[in-house]
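Inspection log for the structure reproduced underneath, given as structure tokens.
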Amino acid sequence: MRPQDLYPDLGDLVRLAATAADRVALVRADCEVWDTDHLRVDPGTQWGPAETHAAAIDDLAAAEEALRAAVGRLEGAWAAIGRLASD
């Protein structure tokens, strides 16, 4: 595949990754307002609702951060490929 053929696909990937990051941010925001007094965890787990809730929020925040970093790297690759062409 030639660079000029790949360029639009990278643009699509950038948009998909950015959309995924935005969706993760919205999920995290929804989770942050949950009242842990009204949550329960599976029997047998060692973590309580508050710890599990905090872990979920931390993991979602890390996932959002990773996706945002990926968007930046994809944008860089997209720009670089945009400067290339082949016959």
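Taking the Cα centre of the chain as origin and charging only Cβ (+1 Lys, Arg; -1 Asp, Glu), how large is the dipole, in debye to the nearest 20? Walk me through the numbers on the way to the answer.
Values: 8 positive and 16 negative charges, 84 e Å.
For the chain, the charge dipole is close to 400 debye.
Here the accessible area of the range 31-87 is 55 percent carbon and sulfur, with a 1.4 angstrom probe and all protein chains present. Labels on offer are [x] 41, 11, 9; [y] 82, 6, 4; [z] 28, 12, 9, and the one holding semi-axes √(5λ) of the Cα gyration tensor in Å computed from this structure is [x].
Largest GNM mean-square fluctuation across Leu39, Leu16, Leu74, computed for the chain with C-alpha springs under 10 Å, falls on Leu39. Based on protein heavy atoms only, the chain ends up with 73 Å² per residue of surface accessible to a 1.4 Å probe.
The values are calculated or read from the model by the stated rules, or taken from the named source; none is laboratory data. Computed from a prediction, not measured in an experiment: that's the story for all the values here. Here the Cβ is made from the backbone with ideal geometry for all residues, glycine too, and neighbour counts use every protein chain on show. Ligands, DNA and RNA are excluded from the accessible area calculation, which covers all protein heavy atoms including side chains. Shrake-Rupley method; radii C 1.70, N 1.55, O 1.52, S 1.80 Å.
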